[in-house]
Structure formats: structure tokens, C-alpha cells
Amino acid sequence: MAGGRKKHVTETFRNLIAWQKARILARNIYMVTKGFPREEQFGLVSQLRRAAVSIVSNIAEGRGRGTKRDFCHFLMQARGSLYELETQIELANDLEYFEGVEVPPLLKACDELGRVLNGLINSTQS
């Protein structure tokens, strides 16, 4: 450890692939929703952004709780928010809000994150 600094649990969440993927996904959601209609600012834009932030935040919070049971609970919360986000992406796509944005890569990122979360959930339940 650099400088004899003790490694804290709160530092280790950054090493989780699930957290890294969720952070990138949240950033991308913020970027793609900038072009949504103004009237959706407090509707679908807000919902998409909150769901995306919830995923990455729940992973970090769960890791910081210190027990496998709590971690698993927060991972399941993150997975629920991921499913919510995927549904909102589909709805925004149906409404043709993603002007010039490729939706399949967003959904692929959601799918990949879901697989990572499922693996992490399964490993914490064992």
C-alpha cells in the first residue's frame, strides 16, 4: 500500500467491474439525454438519469456496507434499477427521442452489466 495507507472498503468498490460498467453507462445516459425534447426534462430524462445513477450508487453503497448479505441486497437493488433503465430506454426509443443515437449499443451495455451483476449476486449468495 502506498505510503502505508490502510485500504478501506470504500476504495475497493472502484475495482468492481460492475461499478465501472455502471459508471460508464450512467455517463452515457447523461450524454444521450441532452438531446431529448425540453418537455421531457422533468419526465423521461429525469427518470433515465435517476435509474442510471441508482445502479452505480447501489453497487458502491452495498460494497461499503461490509456484509455479504447487505452487499447482495444492494446488488439486487442495482439490478432492479437496471431493468427500469432498460425499459425507459425502450420507451424513449419508441417515442423516437434518440435522435442520431444508436440504441442497440446502449441496450448491449445494459445486457453486459446485467450479466456481471447476476454473477456478482450469485457469488455473494454462495
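The values are calculated or read from the model by the stated rules, or taken from the named source; none is laboratory data. Since the model is a prediction, treat every value here as computed from it, not as a measurement. All Cβ positions, glycine included, derive from the backbone under ideal geometry; neighbour counts span all protein chains shown.
Could you grab the pairs with beta carbons closer than 7 Å, sequence gap of 6+ or different chains, first residue in segment 31-43 and touching a residue at least 12 places away in the same chain (Cβ under 8 Å), second one surrounded by fewer than 10 Cβ atoms within 10 Å (Cβ to Cβ)?
From segment 31-43, the pairs are 35/99.
Just one of 99, 86 is in contact (Cβ under 8 Å) with a residue 12 or more places away in the chain, of a type in the set (Asp, Glu) and either more than 30 Å from residue 38 (Cα to Cα) or part of a helix (DSSP H, G or I) (or both); which is it?
On the way: 99 fails: either more than 30 Å from residue 38 (Cα to Cα) or part of a helix (DSSP H, G or I) (or both).
Of the residues listed, the single one that is in contact (Cβ under 8 Å) with a residue 12 or more places away in the chain, of a type in the set (Asp, Glu) and either more than 30 Å from residue 38 (Cα to Cα) or part of a helix (DSSP H, G or I) (or both) is 86.
Residue under question is residue 69, and the condition is that it be in a helix (DSSP H, G or I), farther than 16 Å from residue 13 by Cβ and over 13 Å from the mean Cα position of the chain (by Cα); does it hold? Give the steps one after another, and end with the answer.
Values: in a helix (DSSP H, G or I): yes; farther than 16 Å from residue 13 by Cβ: yes; over 13 Å from the mean Cα position of the chain (by Cα): yes.
When the stated conditions are applied, residue 69 passes them.
Go through segment 9-55 and report how many residues are surrounded by fewer than 18 Cβ atoms within 10 Å (Cβ to Cβ), among the β-branched types (Val, Ile, Thr) and either at pLDDT below 95 or within 17 Å of residue 94 (Cβ to Cβ) (or both).
3
Restricting attention to segment 44-58, which residues are in contact (Cβ under 8 Å) with a residue 12 or more places away in the chain and of a type in the set (D, E, K, R)?
If the condition is that a residue be in contact (Cβ under 8 Å) with a residue 12 or more places away in the chain and of a type in the set (D, E, K, R), then 49 is the only one that fits.
When both residues are 6+ apart or on different chains and their Cβ atoms are under 7 Å apart, which pairs have a first residue that lies in segment 59-75 and is without any contact (Cβ under 8 Å) to a residue 60 or more places away in the chain and over 11 Å from residue 124 (Cβ atoms), and a second that is surrounded by fewer than 21 Cβ atoms within 10 Å (Cβ to Cβ) and of a type in the set (S, T, N, Q)?
64/10
Taking the conditions exactly as written (farther than 27 Å from residue 122 by Cβ, of a type in the set (Val, Ile, Thr) and either in contact with a Phe, Trp or Tyr (Cβ under 9 Å, 6 or more places away or on another chain) or not in a helix (DSSP H, G or I) (or both)), does residue 56 satisfy them or not? Spell out the reasoning first.
Values: farther than 27 Å from residue 122 by Cβ: no; of a type in the set (Val, Ile, Thr): yes; either in contact with a Phe, Trp or Tyr (Cβ under 9 Å, 6 or more places away or on another chain) or not in a helix (DSSP H, G or I) (or both): yes.
Judged against the criteria, residue 56 is not a match.
Any residue at all in segment 90-105 that is surrounded by fewer than 19 Cβ atoms within 10 Å (Cβ to Cβ), of a type in the set (A, V, I, L, M), under 20 Å from residue 123 (Cβ atoms) and modelled with pLDDT of 95 or more? Walk me through how you get there before you give the answer.
Initial filter on segment 90-105 (surrounded by fewer than 19 Cβ atoms within 10 Å (Cβ to Cβ)): 90-91, 93-96, 98-105.
With of a type in the set (A, V, I, L, M) added as a condition, the list becomes 91, 95, 101, 103.
Still in the list and also under 20 Å from residue 123 (Cβ atoms): none.
Within segment 90-105, none of the residues are surrounded by fewer than 19 Cβ atoms within 10 Å (Cβ to Cβ), of a type in the set (A, V, I, L, M), under 20 Å from residue 123 (Cβ atoms) and modelled with pLDDT of 95 or more.
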